[in-house]
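To start, the structure itself, in structure tokens.
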2 protein chains.
Amino acid sequence: MPNPTAAMLVIGDEILSGRTRDANMHYLAGELTKVGITLGEVRIVSDDADAIVGAVKSLSDRFDTVFTSGGIGPTHDDITADCIARAFGASIDVRDDARALLAAHYKRAGSELNEARLRMARIPDGAKLIDNPVSVAPGFTLENVHVMAGVPSVFQAMVASVLPTLTGGAPLLSQSLRINRGEGDIAGPLAALAQRYTELSIGSYPFQKDGAFGANIVIRGTDGAQIDAAMTELAALFPE
Amino acid sequence: MPNPTAAMLVIGDEILSGRTRDANMHYLAGELTKVGITLGEVRIVSDDADAIVGAVKSLSDRFDTVFTSGGIGPTHDDITADCIARAFGASIDVRDDARALLAAHYKRAGSELNEARLRMARIPDGAKLIDNPVSVAPGFTLENVHVMAGVPSVFQAMVASVLPTLTGGAPLLSQSLRINRGEGDIAGPLAALAQRYTELSIGSYPFQKDGAFGANIVIRGTDGAQIDAAMTELAALFPE
């Protein structure tokens, strides 16, 4: 049985403008690989309602699970929760359970639960809250979409809450071999190897360093013995 | 007049598996911002023909220009050129101009232009070659899609060839202010400011450092004087 699939939607102008380099995608990709969920697509869209709604619908239809990051804070540019509600035709308002979490937190901190902060309690009807041990304001799960914060420490904490609730597959194993020859010399034998090991995914990732060309060959699959066998053949083909 | 728009399609299993962290997206985002082209969406898809073809069609329809990175080398997993041809219904084969570039290069290098390397001369009918000063194998432009290599040094050289051929807009200017208060305290006055400066984009990017919360407020637009005015108001709202 093929592994479950996932997609990620990163919401935020700051990455598209080049101001910030996304960190959450790389983190999530690694975590999903460990539990045997295949990350099939990532999209990065701006803080634009139509773009967010369209991407959520498309990804939610095509993948088992969708993770979003960004746009659930208290400021005017945080529109993710409302967009998710719109994508699924759910109603949304300040919800009592989320408000209670925030009220207790700001009371302890001696701050006011003002109108802006109350925006973070806007949760679609029917959604399940995702715990935020870092800064309290919750994420939520609606249908197959997990809506999480963009701040990396909070995003990672929310991933840690959500992952154990998902059904994973066989963990994806991989081995890699660095070959110090141009891809053009490697490609023929590598294609032949890939044709013999149809259950493995064999990728070639070229690099250039100090003027010399080479490639990292990565063999991935769920059967460790098969990966071992293919890697042994590969190493014999290209002795150092 | 709004600035021209662009999208980027990153092709490669290695980023989705978490093995590699993409560098090209961040680079392109910065270069486009400098010349006044708005990067509106980025997609990352796996080395899967249907996924690539679908993404190219969708992005090419909705944005003025599309940039792709990855999948144009000589190995069996390099299928981008054929997918781009399929997306536009163009035929594709080894093309004489590209073959001549490769033949001269490998002759100089004393290597063989074998069948694998010839794959890099597969260029769709009607496409214009993109110069590759680093490793010769060209990229190409078909319709509004610029197809470029995934190796960062080559990708960057190709971006440098392509960008001067595009019509840019007014460069996007930005200023940012770091405010050491939680977003919940900032959000109300910030929303009021954003409502008064409708031509500017005002974003709030929260962070958490050493247990304290804060946010970087970024004001973007094409009118420097307006950005100055909004930034002066913002600084007065939140004196240190």
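Here are the numbers:
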| quantity | calculated |
| --- | --- |
| Residue, farthest from the chain's Cα centre (by Cα), within segment B:202-214, restricted to residues that are assigned to a strand (DSSP E or B) and more than 8 Å from every other protein chain (Cβ to nearest Cβ) | B:ALA212 |
| Flag for B:ALA109 being assigned by TED's automatic domain parsing to the domain that holds B:ASP78 and over 22 Å from B:ASP64 (Cα atoms) | yes |
| Within segment B:145-177, tally of residues that are more than 30 Å from B:ALA225 (Cα to Cα), of a type in the set (A, V, I, L, M, F, W, C) and assigned to a loop (DSSP other than H, G, I, E, B) | 2 |
| Among (1) part of a helix (DSSP H, G or I); (2) more than 8 Å from chain B (Cβ to nearest Cβ); (3) farther than 19 Å from B:ARG19 by Cβ; (4) of a type in the set (Val, Ile, Thr), the one test that A:THR198 misses | (1) |
| Top-ranked residue of segment A:175-186 - restricted to ones that are within 11 Å of another protein chain (Cβ to nearest Cβ) and surrounded by fewer than 19 Cβ atoms within 10 Å (Cβ to Cβ), ranked as farthest from A:THR5 (Cα to Cα) | A:ARG181 |
| Residue under evaluation B:ILE92, criteria (1) in contact with a Ser or Thr (Cβ under 8 Å, 6 or more places away or on another chain); (2) more than 14 Å from every other protein chain (Cβ to nearest Cβ), criterion not met | (1) |
| Test: residue in segment A:225-232 that is of a type outside the set (Ser, Thr, Tyr) and in contact with a helix residue (DSSP H, G or I) (Cβ under 7 Å, 6 or more places away or on another chain) | yes |
| Residue within segment B:74-83 that is more than 25 Å from A:ALA215 (Cβ to Cβ) and within 24 Å of the chain's Cα centre (by Cα) present | no |
| Subset of segment B:1-49 that is small (Gly, Ala, Ser) and more than 17 Å from B:VAL151 (Cα to Cα) - its residue that is nearest to the other protein chains (Cβ to nearest Cβ) | B:GLY30 |
| Identity of the residue in segment A:194-222, surrounded by fewer than 18 Cβ atoms within 10 Å (Cβ to Cβ) and in contact (Cβ under 8 Å) with a residue 40 or more places away in the chain, that ends up nearest to A:SER176 (Cα to Cα) | A:ASN216 |
| Meets criteria (buried (at least 18 other Cβ atoms within 10 Å of the Cβ), at negative phi and assigned to a helix (DSSP H, G or I)) for B:ALA236 | no |
| Filtered residues of segment A:164-174 (kept if more than 14 Å from chain B (Cβ to nearest Cβ) and touching a residue at least 24 places away in the same chain (Cβ under 8 Å)) | A:LEU166, A:THR167, A:GLY168, A:ALA170 |
| Residues that are surrounded by fewer than 19 Cβ atoms within 10 Å (Cβ to Cβ) and acidic (Asp, Glu), drawn from segment B:77-123 | B:ASP82, B:ASP93, B:ASP96, B:ASP97, B:GLU112, B:GLU115 |
| Residues within segment B:5-23 that are at pLDDT below 95 and either within 18 Å of A:ARG43 (Cβ to Cβ) or more than 11 Å from the chain's Cα centre (by Cα) (or both), tallied | 11 |
| Filter result for B:LEU118 (under 29 Å from B:PRO2 (Cα atoms) and touching a strand residue (DSSP E or B) at 6+ places or on another chain (Cβ under 9 Å)) | no |
| Index of the failed condition, B:ALA149 passing every other in (1) modelled with pLDDT of 95 or more; (2) closer than 16 Å to B:THR33 by Cα; (3) among the hydrophobic types (A, V, I, L, M, F, W, C) | (2) |
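One line per residue, one yes/no per condition, for (1) over 18 Å from B:ALA29 (Cβ atoms); (2) more than 19 Å from the chain's Cα centre (by Cα); (3) within 14 Å of chain A (Cβ to nearest Cβ):
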site	(1), (2), (3)
B:GLY139	yes, no, no
B:GLU143	yes, no, no
B:MET148	no, no, yes
B:VAL162	no, no, no
B:GLY188	yes, yes, yes
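The values are calculated or read from the model by the stated rules, or taken from the named source; none is laboratory data. Keep in mind that what you see is a predicted model, and the values were worked out from it rather than measured. Every residue, glycine as well, gets a Cβ built from its backbone with ideal geometry; the counts of neighbours run over all protein chains shown.
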